[in-house]
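For reference, the structure is listed below as structure tokens.
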Amino acid sequence: MPRNRACCLLSLLLVLASVVAVGQNSPSVSARARAIHDSAIIVDTHADTPQRFLDENFDIGNTDPKDVGHISLDKARAGNLGAEFFSIWVDPGTVPPDHFARHTFDLIDSVYQQAAHHPDRMMMAFSVADIERAHKQKKLAALMGIEGGHSIENDIHLLRAYYRLGVRYMTLSWSNTNEWADSSGDINDPKVQHHDGLTDFGKQVVLEMNRLGMIVDISHVADKTFWDTIATTKAPIIASHSSARALTDAPRNMTDDMLRAMTKNGGVVQVNFFSGFDDENYWKASQAQAKEADSAVKAYIDQQRAAGRQPTYIEVDRIEREWTEKIPRPPLKSLIDHIDHIAKVAGVDHVGLGSDFDGVSGATPQGIDSAADLPKITQALLDRGYSADDIRKILGGNTLRVFREVERVSHELQAVGSASSVQ
């Protein structure tokens with residue numbers, strides 16, 4: 001073969017190899033989408049990473065490419081994640097009731113420890129101003145939200161203590177009904193004592209959160225609890241990690257009437273990335289195997305307790321992951337459909353992102369494997385015709401607006417001397 005033809009052929013092969021490599025490694029995000037994405041302060045309102053901090057001694061500065069976790073400082077930087085609300089979640093299935101508060105304090109401390117270990121890349125944040133300051137310094141703003149009112153052990157003093165330690169939202173219930181708020185997770189269980197929504201004490205908790213400046217979160221709550229909260233609160237509320245029931249018929253999701261009610265005082269629904277809440281087929285498949293999966297988890301917990309040790313959340317999560325990975329992951333479209341639906345029903349000012357990262361291992365939609373993949377959401381919204389301004393609202397602007405308004409209402413209530421009647 002003549003030399004010039006060989007060189008041309010070699011050049012062609014190199015070009016083709018380069019195209020293939022780019023196709024394999026590129027997240028398929030256009031320059032315009034990336035520019036919009038990088039211009040936003042991106043706020044995610046729910047990640048369960050503190051369980052990893054505490055149970056695995058996980059370092060958020062971890063650079064191991066084999067780590068399957070959703071959140072690390074490198075992954076956050078790659079996805080331009082600006083602020084993360086780390087979930088302070090106490091598992092009532094593995095933690096005894098008289099240790100709920102103690103475990104809550106341990107989880108809070110674990111977040112502070114991570115920030116202390118990485119002061120050049122991460123900082124604790126307690127306000128909108130702190131988030132904006134962290135953004136200017138190119139640091140991840142670390143915030144905290146308690147997932148489940150059982151953490152306050154029916155004591156308003158603990159609620160105030162958590163606020164003083166930096167907690168800036170609380171989900172009124174987790175999947176378990178507590179002594180003052182009904183949950184969607186067990187609302188049909190006749191063995192559980194329910195309250196027809198919020199008790200009088202539960203309503204006082206909501207009002208005290210308003211006074212403190214702690215955002216009220218209604219993800220997980222029963223429908224009646226939601227409506228009681230809407231009727232009680234004086235500040236905007238959020239659903240920190242919920243999706244639309246019209247698209248996926250999970251009781252954790254919100255009906256269209258609920259979505260419209262969120263606009264009453266400017267609240268925001270942050271869409272969950274869990275495929276079981278975003279894809280009807282995935283939801284049905286997960287429900288079909290739920291009994292077996294729950295039995296496997298219970299058997300492990302019972303076995304460990306019989307051996308004299310308390311199983312950790314991470315151990316339980318590992319078993320649950322084995323079951324979720326048996327179900328094919330749906331396309332990214334399923335997640336985007338929920339963002340789109342909520343934007344159409346409630347308005348684009350009332351939708352945001354609440355990933356549930358590190359709490360839904362192996363069960364996110366295709367293409368969303370960590371915080372590094374967040375630009376793909378921007379690209380998908382751009383593809384559906386959303387403007388740059390509206391995309392920035394969804395990515396974090398709406399959540400910052402709610403947070404700012406909650407701060408304003410708190411200052412107003414405190415200025416007129418409003419105080420909780422619960423001592």
Response to the item:
Residue pairs within 9 Å by beta carbon, gap of at least six or interchain, first lying in region 126-146 and farther than 26 Å from Phe105 by Cα, second buried (at least 18 other Cβ atoms within 10 Å of the Cβ) and of a type in the set (Val, Ile, Thr), listed first then second, are Glu132/Ile41; His135/Ile41
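Listed here are the residues, each with its yes/no results for (1) within 22 Å of Leu353 (Cα to Cα); (2) in contact with a helix residue (DSSP H, G or I) (Cβ under 8 Å, 6 or more places away or on another chain).
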{"residue": "Gly166", "(1), (2)": "yes, yes"}
{"residue": "Thr171", "(1), (2)": "yes, yes"}
{"residue": "Ala181", "(1), (2)": "no, yes"}
{"residue": "His194", "(1), (2)": "no, no"}
{"residue": "Gly202", "(1), (2)": "no, yes"}
{"residue": "Lys224", "(1), (2)": "no, no"}
Worksheet item: Name the residues in region 47-61 that are assigned to a loop (DSSP other than H, G, I, E, B), buried (at least 17 other Cβ atoms within 10 Å of the Cβ) and not acidic (Asp, Glu), would you?
Response: Thr49, Phe58, Ile60
Practice prompt. Report the residue count in region 65-81 for those that are among the charged types (D, E, K, R), at pLDDT 95 or above and part of a loop (DSSP other than H, G, I, E, B).
Written response: 0
Worksheet item: For the subset of region 234-259 comprising residues that are under 20 Å from Thr177 (Cβ atoms) and hydroxyl-bearing (Ser, Thr, Tyr), which member is surrounded by the fewest Cβ atoms within 10 Å (Cβ to Cβ)?
Response: Thr255
Discussion item. Looking at (1) of a type outside the set (S, T, N, Q); (2) within 21 Å of the chain's Cα centre (by Cα); (3) within 22 Å of Ser87 (Cα to Cα); (4) surrounded by fewer than 21 Cβ atoms within 10 Å (Cβ to Cβ), which one does His157 not meet, given that it meets all the others?
Written reply: (2)
Worksheet item: Of these, Arg164, Arg252, which one is closer than 19 Å to His46 by Cα and charged (D, E, K, R)?
Response: Arg252
Worksheet, complete the sentence: Cβ pairs under 8 Å, 6+ apart or interchain, first in region 53-68 and under 16 Å from Ser370 (Cβ atoms), second among the hydroxyl-bearing types (Ser, Thr, Tyr) and at pLDDT 95 or above, ordered by first then second residue, are Phe58/Thr49; Ile60/Thr49; Ile60/Ser72; Gly61/Ser72; Asn62/Ser72; Thr63/Ser72
Practice prompt. Find the residue count for region 336-362, including only residues that are among the aliphatic types (A, V, I, L, M), buried (at least 24 other Cβ atoms within 10 Å of the Cβ) and over 16 Å from Thr45 (Cα atoms).
Written response: 1
Fill in: Single unsatisfied condition, Ile314 versus (1) assigned to a loop (DSSP other than H, G, I, E, B); (2) within 18 Å of Phe86 (Cα to Cα)
(1)
Worksheet item: Can you tell me how many residues in region 371-389 are of a type in the set (Ser, Thr, Tyr) and assigned to a helix (DSSP H, G or I)?
Response: 1
Worksheet item: Do any residues in region 210-226 that are in contact (Cβ under 8 Å) with a residue 24 or more places away in the chain have Cβ atoms under 8 Å from those of residues that are among the acidic types (Asp, Glu) and in a helix (DSSP H, G or I), where the two are at least six apart or on different chains, and which pairs are they?
Response: Gly213/Glu407
Practice prompt. Give the residue that is surrounded by the most Cβ atoms within 10 Å (Cβ to Cβ), with candidates limited to residues of region 171-221 that are of a type in the set (D, E, K, R) and touching a Lys or Arg at 6+ places or on another chain (Cβ under 9 Å).
Written response: Asp182
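The values are calculated or read from the model by the stated rules, or taken from the named source; none is laboratory data. This is a predicted model, so every value here is computed, not measured. Note: ideal-geometry Cβ built from the backbone for every residue, glycine included; neighbour counts use all protein chains shown.
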